[in-house]
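Peer 1: One structure, as structure tokens, below. Some questions next.
No lab work stands behind these numbers, since they all come straight from the coordinates. Here the structure is a predicted model, which means the values were calculated and not measured. Note that we place each Cβ from the backbone using ideal geometry, even for glycine, and neighbour counts take in every protein chain shown.
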Amino acid sequence: MLFPHASLLGLALAGLATAPAVTHARDSFPAGNWLADGGFELRAEPRELGLPSGSDRRDFGEMAGWRFDSDQAREGKRSLVLSGPRPFTWRIARDFPGECDAVFSVYVRSDKPGVEVEAGFEVFALDDHYKVGPRATGRRTLALTPGWQRLVVPLHVSKETDQGHIRVHLLKTWVRPLTPDKGDVWIDAAQLEVDRAGPGAFTSMMPAFTTVREERQVLRDWLGPSPEKDPVPPPPVILPSGSVPFTISETDGLVRHNEVASGGIPFAPGQVFDSSTFQVTDSSGTVIPVQTAILAQRPSDGSAISMLVEFPASLAAYERRNYRFHYGPAFRSHVAPSLATEETGAITLNLNGRVWRISRENFPGLELTTLDGRRFFSDALPPEIVEIERNGPFHAIIRMRGRLLEAGGKRVLGVAWDGRFHAFAGSDMLEVEMSHEQQEHVSHLAVRSIGLTLPVSPVAPAGRTGADPVRVALATGGELALPAPDGGLVLTQLHQYFGEGRYDLVIDTGVTSQRRENVRATGAVRFPDVAVAVTDFDNMNPAAIAWSPGRVTVYAQPPRHTTCVELPFGISQTFRFVLAPPSGWSAVQARAANPLRVFPGPAHVAQTGVFGGPWLTSDEAMEKFPLFERPLREFFSAFARDVRRQDTTGGFDFGDAGSPGGWKNNETSLIEALFMQYLRSGDPALFRRAAVMARQFRDVAILHASQNSKWIQTHAAGLHTTGHWHVGHYWITGLIGHYLLTGDRRSFEAARGTAAELLSRHKLRYTGRERARVLLHLAELYELTHYKILRTAFETHLSHDVPMETGTYYAGINIMALEKWRSVTGGSPALDTRIGAYGHQLLDVVAKGNLLETVGEDRSQFIFEAAAALAARTGDPAYLHAFADLLPVQAMGAHSMGANAVRGAAWLWQADRLGVPLSPLTPAHPAGIALLTGRAGGRHDAALTFRIHPGAGASSPTVVRLYKQIGFRVGKNASDDVLDYRLTSGNPPSVELAAGSLAGPKFGILDLPPFASDVRLILHCGGDAQAELSVTHADVSLAAHDWLFFRQHRHGNGFVRFDIMPATPASDIVIALDWRFVDPGSIAAVELLDPQGRVIAHARRGRPLGNDWDDTGAPFEDPQHLVLRLPPGADTGVPLRMEMQAAKWLGWRVEAGLKEPWLAVPESQPAQP
């Protein structure tokens, strides 16, 4: 529903009129023109106005040569002239009625005979259950004349097309030249009207859209300027002593010289206090000066939850160094001047002798330009916040926050900016983090550009001249050298969103504009007077860097070569970059790419309880429970590459899991799971994956209404900003973990602000997951902030006497919520009694049923943490035995596998302590085929053929175990699920050795008879029967020429892995595709890795969200093939790892390029580069 509050898609700023606010009945929408600037009177250039995600952001008007015509206008003063075949589109994301009429109209003409045009209108649904598709689409064509004609496209949207979980609609209208070779097309007075069957008179008046759903709640300040805190208990008289091992690793092949390494080290209760002293030593015992800060303290005893440790370190490329962090009562502190200094009216930062002055009165540099060219600046208003956030001898941070004022002082814009400026000891680099939050009280703000300009030295440093070339670092390695023009240079990085995903770099001088296709810049550039490195410049596309002597500008929304963008209320974006003199070129690249991180010892972290647990580290689990840990490692290794594999980049998309067909960031705490596996294993790729996901989540998934009111939006396909929320999908544990590991205050503030959502709901009598989520996250936020209002809210919600739900996920998460409160507060007899009662219910009710009939999704992995917590409290192994069989079955199911399997590590720790073995159901060598079994879109029964070859010299017989998984339709009485198998001899003539079936919706297991020579195993999955295969002492391969179909993976991080042998070094690996059952927004993606884990070939193609067109203006067609091209000199004498993303319902087979038509099941994961 829309609400009757005046807003204008943000274009009230541009002086457009809005309809007066009125009250509307259900499914009745306000009158007016839904298209921003349908008369082309406002925009400064003939550019489209696009969405922040879900569509291509390149400026096709510039590429095609569109122009305004002030001599020909149907309404107003000008029209738009379309040259070439590319359509002009309007794309908007809005709420929409369940059933209504709507109409798109536009005036068109041409000055040449024979010109034809198509107008279209599509209503596209984006569902939070990952079902996307058009609800209605209409088209009309017309032969044009010199006179203006109105082209009308009516559309009726039927209630039958409402999927029930629609969170937002993508409304797309377009005008497409059909005969571009015969002449140009003039368009004007475009209009989209809802609740009308026919067009009304053209108007520029837009509807009175609401700012946001639940406006009164969302726009409220829930915490106030200074929330009351519970006091921190005093430290003990005798302070504990101890030490923690940690490491620092260089992972990018870059030399680091005195770079400040940083990271959080968690501690168990009662170990470190604010009166403790600290010391760092290296592997030789030498004392290293260190800067520390307590990031959070426990309310129960005041001890540190996590300590931030920072100090300068020098490492060679790929070097790893070992250190120890010592704590105790009497270590000598490192005495040195702090880097930030308070002065009258300003704060200064010491950049290795250079002074960077930040005024308290104004902050010049940030500029936002709206669609109509109005400019808003940060320096016209005094900042609301100017403070030293961190200050020490090695690292200082100045934080500023404010709003923007229109040039000439006419209007304050509601967009908030939030900046942090970092200085480091012995370094002349300045690190900048700048965020903007769309808090203007309009549903959408139409923006032309957003950029931050900072001054640099106008004098070329000694040894360099203005004739020095500009050096641009490239993602493929190497550099691009460009002449440095006197007037300056602008570099704009673009990305083809769908299609093959090409990256283009546009280079502008004051005279020329050059587009270089297939060039991907990293964002590290050395100009004559400054070196700049923008973190994830290519991934946060579109983005731009502008330079002229004495100044540099970093654009989050470039002023040219891209569409303008509609920023929905509450969306945020952060860009980070590093500046230094040109001599610091290497240092800024290293700092921007991957700063040195403090990695605490896994065995230490496992016992602190800060990130769950205690749990076994990855190495301990490989030693004691390798059948659990090995597939878990392989899963995370591949998951860490999902963004690269799918090429899901973009300023508001980069970091999310899934794809435009179903984003998954705020589904079942993926960020937390990634951090857990990182802390267990030390794999830096997992930290990187978790960190970029955390940053995307805190900026985009969270709606930033204000500092004290932030709301976590439910997951959905297509767009992240759904404007919907409910506490069953409230996840902040990973965001808090990011803060505790990095000290990143923006993550802290984002998590803290989301308390608004919990405070607005805590008096409701929730059950199940909603109750558990409210309790769990109130406990986490109280632990982090000590706010009394959060403690009271927890106690209020806990006092609602509702029963614990009995499903594995609901039971698990409810028990963990109470365990969290016990750890935060120290517990109480009443709380212990309630936890004990929940534990008895877990054994007497939850575990009494046949758990292997109702295996849940990835989120059901919480049950293993709950069982481990109860076993830890009671010492009773019954809690472990009760769920031992479920552990392996949950981990290998097509819908239940996922990142949350890492939660089983807590079960392993207790199992090791109490002597509970892994279940005999655990596969010894899983083939990883579950995502290829079952039914493709409910339309195609899977059939798979395997070649099984006993291993040479194997001393034990080959063992083949077949698993029939629990289908997703188990709750729908899927009695037709049948898994048929045939085992035949491998060499002709084929002889049947065994055959049979596993039927029904229940879990089943079958050991096939032993054999001593090659065999073929043929599986047929009738209904939705899903399978897994485990084979020991044999090589297993899957027939590559047979059609294989991916089934849905609930949380979007599914993939399959096989080893292949190319036919020749010149062979292309050709993969045929079947898109018949695939949802829009899906991405087909595959890559080849060499034995060292390096990507040597990659291919991807995306299916757009509804009607869309390629660069030539032709409608997108589903590609029939993906082609992996081997680079020259590739070693084809060794197996190459093929990893393919499991796009839901996609069919595929390898048609050509293999030495043998078989896909080998890998023995182990490839090495990491």
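Peer 1: Checking the a/c ratio against 1.5 first, then a/b against b/c, what shape does the Cα gyration tensor give for region 340-593?
Peer 2: oblate
Peer 1: Okay, moving on. Calculated FRET efficiency, Asp274 and Ser249, Cβ-Cβ r, R0 22 Å, to nearest 0.05? List each step's numbers first, then the result.
Peer 2: Values: r = 30 Å, r/R0 = 1.36.
E(calc), rounded to 0.05, equals 0.15.
Peer 1: On to the next question. Between Glu99 and Ala143, 0.36 nm times their residue separation minus their Cα-Cα distance comes to what? Each step should come with its number before you reach the end.
Peer 2: Working: separation 44, 0.36 × 44 = 15.84 nm, distance 3.18 nm.
This chain segment gains 12.7 nm when fully extended.
Peer 1: Still on this structure: So if I place +1 on the C-beta of Lys and Arg and -1 on the C-beta of Asp and Glu, and nothing else carries charge, what would the dipole magnitude of region 11-210 be about its Cα centre? I want it in debye, nearest 20.
Peer 2: 140 debye
Peer 1: Simple spin-label model, 7 Å along Cα-to-Cβ: Ile288 to Ala136 in nm?
Peer 2: Here the answer is 6.5 nm between the modelled labels.
Peer 1: Now a separate question. On a straight-distance basis, which lysines could pair with Lys229 in a cross-link, Cα separation under 22 angstrom, same-chain partners fewer than 8 positions away excluded?
Peer 2: Within reach: Lys710, Lys763, Lys788, Lys820.
Peer 1: Assuming 0.36 nm per residue, please report the length gained on full extension of the stretch Asp976 to Thr833 beyond their Cα-Cα distance. Display every interim value, and only then the final one.
Peer 2: Working: separation 143, 0.36 × 143 = 51.48 nm, distance 4.51 nm.
Stretched out fully, the Asp976 to Thr833 stretch lengthens by 47.0 nm.
Peer 1: Can you give the extra length, in nm with one decimal, that the chain gains between Ser799 and Arg150 once fully stretched, where that is 0.36 nm per residue apart less the Cα-Cα distance?
Peer 2: Numbers: separation 649, 0.36 × 649 = 233.64 nm, distance 6.36 nm.
Extra length from Ser799 to Arg150 when fully extended: 227.3 nm.
Peer 1: For region 513-590 and region 96-135, compute the distance between their C-alpha centroids and round to whole Å.
Peer 2: 35 Å
Peer 1: Can you sort Cys1021, Cys100 by how many other beta carbons sit within 10 Å, fewest first? The partial results should precede the final answer.
Peer 2: Working: Cys1021 27, Cys100 19.
Ranking Cys1021, Cys100 by Cβ neighbours within 10 Å, fewest first, gives Cys100, Cys1021.
Peer 1: Related question: Would you list Thr1132, Thr742 from fewest to most Cβ contacts within 10 Å? Could you put the intermediate results ahead of the total?
Peer 2: Working: Thr1132 16, Thr742 23.
With the sparsest Cβ surroundings first, the list reads Thr1132, Thr742.
Peer 1: Can I ask one more? In nm, to one decimal, how far is the Asp71 label point from the Ser226 one, both placed 7 Å along Cα→Cβ?
Peer 2: 6.8 nm
Peer 1: What's the FRET efficiency of Asp844 with Asn352 using the Cβ-Cβ distance as r and R₀ = 60 Å, to the nearest 0.05? Please report the intermediate quantities before stating the final value.
Peer 2: Working: r = 66 Å, r/R0 = 1.11.
Plugging the Cβ-Cβ distance into 1/(1 + (r/R0)^6) gives 0.35.
Peer 1: Using the Cα centre of the chain as the reference point, and only Cβ charges (+1 on K/R, -1 on D/E), how large is the resulting charge dipole? Debye, rounded to the nearest 20.
Peer 2: Values: 115 positive and 126 negative charges, 177 e Å.
That gives the chain a dipole magnitude of about 840 debye.
Peer 1: Still on this structure: I'd like the FRET efficiency for Glu1163 and Asp195, computed as 1/(1 + (r/R0)^6) with the beta carbon distance as r and R0 of 45 Å, rounded to 0.05.
Peer 2: Values: r = 62 Å, r/R0 = 1.38.
The formula returns an efficiency of 0.15 here.
Peer 1: How do Arg94, Arg834, Arg448 rank when sorted from fewest to most other Cβ atoms within 10 Å of their own Cβ?
Peer 2: Starting with the residue having the fewest Cβ neighbours, the order is Arg834, Arg94, Arg448.
Peer 1: Also: Take the alpha carbon gyration tensor of the chain, find the square roots of its eigenvalues, order them as a ≥ b ≥ c, and report rounded if a/c is under 1.5; if not, report prolate when a/b exceeds b/c, else oblate.
Peer 2: rounded
Peer 1: Which of the lysines could a cross-linker span from Lys159 if the Cα-Cα distance has to be under 30 Å and same-chain partners fewer than 8 positions apart are dropped?
Peer 2: Of all the lysines, those that pass the test against Lys159 - Cα under 30 Å, at least 8 places apart if same chain - are Lys131, Lys172, Lys664, Lys972, Lys1144.
Peer 1: Label points 7 Å out from Cα along the Cβ direction at Arg332 and Asp111: separation in nm?
Peer 2: 8.5 nm
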